[in-house]
Amino acid sequence: MKNIRAEKITEEVKEMCILANHYLSSDMNSRLNNAVNVEESPLGKKILNQLKENLEIADKEQIPICQDTGMAVLFVDIGQDIHIEGGLITDAINEGVKKGYTEGFLRKSVVKDPIERVNTNDNTPAVIHYNVVEGDQLKIILAPKGFGSENMSQIFMLKPADGIEGVKEAILKAVKDAGPNACPPMVVGVGIGGTFEKAALMAKQALTRDFDDRPTKEWVRNLEDEMLERINRLGIGPGGLGGSTTALAVNINTYATHIAGLPVAVNICCHVNRHITRIL
Amino acid sequence: MEHKIKLPLTSEAIEGFKSGDYVFLTGELYVARDAAHKRMNEALDQGNNLPIPIKNQTIYYMGPSPARQGRAIGSAGPTTASRMDKYAPRLLDLGLKGMVGKGKRSKEVIDAIVRNKAVYFAAVGGAGALLSKCIKESEVICYDDLGAEAIRKLYVEDFPVIVVIDSKGNNLYETAILKYKKD
Ligand code: SF4
């Protein structure tokens with residue numbers, strides 16, 4: 001049995017909030033660098049260069065990459081052999097979010113109630129997904145999610161007869177509808193299978209997967225490659241102002257589903273696809 | 001084409017803008033997003049005056065991150081303009097001339113842009129750190145309680161934007177995509 005102190009979790013989450021909002025993961029950086037070289041539109045190239053420059057300024061001057069520092073989404077894998085002491089894990093995480101967003105000069109973008117809409121002023125509560133796993137580690141993935149792109153996400157409850165062609169159409173529809181609103185070049189997270197909520201959760205989780213960490217199933221890998229190519233033929237381009245870089249990556253997660261269904265969730269993310277992992 | 005423009009916008013400047021042009025703005029820029037628009041709309045409904053002089057002005061749809069000490073503002077890129085579509089035609093009819101944001105606009109907004117000879121610019125979404133460097137001063141002028149959504153007045157220098165919808169109603173989001181579409 002391993003003991004982990006709640007304050008330790010708070011400290012880690014605080015740091016993660018600040019780091020995630022100032023630095024992108026290396027796979028994101030290398031896709032962006034590559035996009036600058038292959039972009040066909042001059043204006044598109046100019047915008048991609050500005051995005052690179054933006055990342056440099058964010059780093060050097062400690063200004064968040066984007067002013068929408070997001071709602072904090074966390075995926076927490078709890079090894080069943082650990083014990084958390086000194087408080088409730090959910091409270092510890094929310095305290096970390098509060099400290100990170102306050103001390104890190106991040107924007108507080110959360111309202112307490114979806115209709116009454118009063119800002120909580122500390123960016124809590126976070127959206128936390130727990131999963132119990134074997135072992136004695138606590139794995140925390142933090143993914144601050146901006147809502148320009150979140151608002152353009154869609155879910156499709158397809159029929160089994162729609163098959164893989166139906167899935168492709170659904171993904172293309174979501175990307176086309178998103179267009180300039182989602183700050184392209186986008187990262188497209190897709191969840192196929194499960195139930196209504198499982199598909200959405202997989203789509204979100206797919207956004208946090210390293211681009212070089214490829215799915216084990218061949219048809220899924222092929223679908224990721226085909227969709228990335230087809231999305232980049234849509235012409236939307238950087239900023240939605242035309243070009244050949246509409247998406248930097250398509251990540252697809254899958255799960256078993258019901259004999260009567262084929263759920264497909266498309267979680268759109270912008271080029272500020274923030275995620276950071278810590279293992280305690 | 002590139003233009004260097006002093007704010008407030010003049011009719012001549014607006015007439016010279018074509019969808020796709022690159023523009024550097026210098027001068028005073030007002031900032032308002034969702035909650036501030038809702039309140040301005042309610043003020044008008046109740047027959048009250050707007051808290052800002054709207055005539056000939058430009059509104060930037062933005063909600064910044066907090067400024068570190070010694071800086072005018074934090075990260076400060078555009079937010080999605082379509083959420084302001086419900087309110088924009090009324091403000092345009094009252095004399096608003098420019099809007100800066102990102103993303104598509106409704107037909108009602110485009111009609112109001114043409115009717116009032118106004119312009120919709122896009123700033124690069126997700127480039128808030130870069131754009132903040134062009135913001136030299138920032139002051140909250142009302143609706144302070146809205147935090148990041150308060151109305152601000154900025155002083156910007158060579159703030160880079162792209163003309164998306166010009167005063168004739170040409171829309172870059174529609175025309176540019178066709179140029180690079182391959183299927
Ligand atoms: S969609 Fe992404 S890049 Fe665009 S404003 Fe929101 S968080 Fe920033």
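Every number in this text was worked out from the coordinates using simple rules, so none of it is lab data. Predicted model, so just to flag it, every value in this text is computed and none were measured. Note that each Cβ is placed from the backbone with ideal geometry, even for glycine, and that neighbours are counted across all protein chains shown.
Tabulated values for the structure
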quantity	calculated
Tally, over the stretch B:9-39, of residues that are of a type in the set (Asp, Glu), within 15 Å of B:Glu157 (Cα to Cα) and in a loop (DSSP other than H, G, I, E, B)	0
Every pair of residues 6+ apart whose Cβ atoms lie under 8 Å, when the first sits in the stretch A:179-197 and is more than 10 Å from chain B (Cβ to nearest Cβ) while the second is of a type in the set (Lys, Arg)	A:Gly189/A:Lys204; A:Gly191/A:Lys198; A:Gly191/A:Lys204
Residue tally, condition more than 21 Å from the chain's Cα centre (by Cα) and either more than 11 Å from chain B (Cβ to nearest Cβ) or outside any loop (DSSP other than H, G, I, E, B) (or both), over the stretch A:24-55	12
Residue check, A:Cys66 closer than 24 Å to A:Thr120 by Cβ, within 14 Å of another protein chain (Cβ to nearest Cβ), part of a helix (DSSP H, G or I) and under 19 Å from the mean Cα position of the chain (by Cα)	no
Any hit, the stretch B:60-72, residues being among the charged types (D, E, K, R), surrounded by fewer than 24 Cβ atoms within 10 Å (Cβ to Cβ) and within 30 Å of A:Lys60 (Cα to Cα)	yes
Single residue of the stretch A:103-136 satisfying the filter (within 14 Å of chain B (Cβ to nearest Cβ) and among the hydroxyl-bearing types (Ser, Thr, Tyr)) that is farthest from A:Arg278 (Cα to Cα)	A:Thr120
Filter result for A:Glu56 (free of Cβ contacts under 8 Å to residues at least 60 places away in the same chain and either more than 25 Å from A:Pro238 (Cβ to Cβ) or of a type in the set (Asp, Glu) (or both))	yes
Selection status of A:Ala58, within 14 Å of the ligand (Cβ to nearest atom), surrounded by 23 or more Cβ atoms within 10 Å (Cβ to Cβ) and more than 23 Å from A:His129 (Cβ to Cβ)	yes
Residue list for the stretch A:165-213, restricted to those being surrounded by fewer than 20 Cβ atoms within 10 Å (Cβ to Cβ) and of a type in the set (Ser, Thr, Tyr)	A:Thr195
Strands (runs of 3 or more DSSP E) enclosed by the stretch B:102-183 - at least 1 residues per element that are of a type in the set (Asp, Glu) and away from the ligand (no atom under 16 Å from the Cβ)	B:135-142, B:151-165
